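One structure is given below, encoded as structure tokens.
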Amino acid sequence: MAKVEVNKNKCIGCGACTAIAPDVFEFDDDGLAKAVKQEINEDVKTAAEGCPTEAITAEE
């Protein structure tokens, strides 16, 4: 089962993930990213690799 997580202690709310994979990531009330789907595709992998604080983990 796929698992996508955003570490809230590392996230700075830069928006890179929401721009790359808006169907999987969105901002919460604190302005930090959260995964709204547990779906791993190329956009999710790109978002995880491009996260400046390495806050995203995506495991299949």
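How much accessible area per residue does the chain have, in Å², with a 1.4 Å probe? List each step's numbers first, then the result.
On the way: 3780 Å² over 60 residues.
In whole numbers, the chain has 63 Å² accessible per residue.
Carbon-plus-sulfur fraction of the accessible area of the chain, 1.4 Å probe, in percent? Accessible surface attributable to carbon and sulfur in the chain totals 45 percent.
How long are the three semi-axes of the equivalent ellipsoid for the chain, computed from the Cα gyration tensor as the root of 5 times each eigenvalue, in whole Å, largest first? Intermediate values should be presented prior to the final figure.
Numbers: eigenvalues 49, 25, 23 Å².
In descending order, the three semi-axes are 16, 11, 11 Å.
Treat every Asp and Glu Cβ in the chain as -1 and every Lys and Arg Cβ as +1, leave all other atoms uncharged, and give the resulting dipole magnitude about the Cα centre to the nearest 20 debye.
On the way: 6 positive and 13 negative charges, 28 e Å.
Computed about the Cα centre, the dipole is about 140 debye.
The values are calculated or read from the model by the stated rules, or taken from the named source; none is laboratory data. Just so it is clear, the model here is predicted, and its values are computed rather than measured. Don't worry about glycine lacking a Cβ; one is built from the backbone with ideal geometry, like all the others, and counts go over all protein chains shown. Heavy atoms of the whole protein, side chains included, go into the accessibility calculation; ligands, DNA and RNA do not. Shrake-Rupley method; radii C 1.70, N 1.55, O 1.52, S 1.80 Å.
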